[in-house]
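First comes the structure, then the notes that go with it.
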Amino acid sequence: MKTEHSVVIHRPVEEVFAYLSNFENMPNHEQFVVDAKKVTDGAIGVGTQFKVIGKLLIWRPAAILQMTGWESGRRFAFKSLSSPFPVETQYIFEPAAGGTRLTIIDDTHLGGLLRLFEPLLKRYMQRRFSADMKNVKHFLESGRAGVRQAS
């Protein structure tokens, strides 16, 4: 199930890229993420892994996300190594009038009976990504986002 989302954030490309490529910032703007920690050593790039804890009602699903693509300041991609749903996602950063055009292309793989619910889940994912993109736009444009670099 592929979805694509785009927003213009009135901040420099380098700032938006640095903030979003460090998944430890996710709890600041993603409504279903309660914690995210880098679990590999070194600078963020291909192979870097993060453990992300979500929340959905009383369920706290955990996922290991691994960077699979990296062009500093331009794009990154990741996939889930362990997750309730296999996911592959790309973040693309482009200069835009007054800031950065962020495009997210998400491919969530549904198996078994979940395929029957794909139309409902697709609408849900579109609403969720739309809300998360509004949150990150507001957060970065407000100046509250001291960009945290992973160690």
Review point. Which number in (1) of a type in the set (D, E, K, R); (2) part of a loop (DSSP other than H, G, I, E, B); (3) farther than 11 Å from residue 140 by Cα; (4) in contact with a strand residue (DSSP E or B) (Cβ under 7 Å, 6 or more places away or on another chain) marks the one condition that residue 11 misses?
Key: (3)
Exercise for review: Pull up segment 58-95, narrow it to residues that are more than 15 Å from the chain's Cα centre (by Cα) and polar (S, T, N, Q), then point me to the one that is modelled with the highest pLDDT.
Suggested key: 72
Check your understanding: Restricting the search to segment 24-38, which residues are at pLDDT below 95 and of a type in the set (A, V, I, L, M, F, W, C)?
Key -> 26, 32, 33, 34
Review point. If we keep just the residues of segment 1-27 that are polar (S, T, N, Q) and more than 18 Å from residue 69 (Cα to Cα), which is surrounded by the fewest Cβ atoms within 10 Å (Cβ to Cβ)?
Key: 6
Point to revise | residue 35 being of a type outside the set (Ser, Thr, Tyr) and either under 21 Å from residue 125 (Cβ atoms) or in contact with a helix residue (DSSP H, G or I) (Cβ under 7 Å, 6 or more places away or on another chain) (or both) | key: yes
Point to revise | Check on residue 14, among the acidic types (Asp, Glu) and free of Cβ contacts under 8 Å to residues at least 12 places away in the same chain | key: no
Check your understanding: Does residue 40 satisfy the condition of being among the hydroxyl-bearing types (Ser, Thr, Tyr), closer than 22 Å to residue 81 by Cα and assigned to a loop (DSSP other than H, G, I, E, B)?
Key -> yes
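The values are calculated or read from the model by the stated rules, or taken from the named source; none is laboratory data. The shown structure was predicted, so the numbers you read here are calculated from the model rather than taken from an experiment. Backbone-built Cβ (ideal geometry, glycine too); neighbour counts: all protein chains shown.
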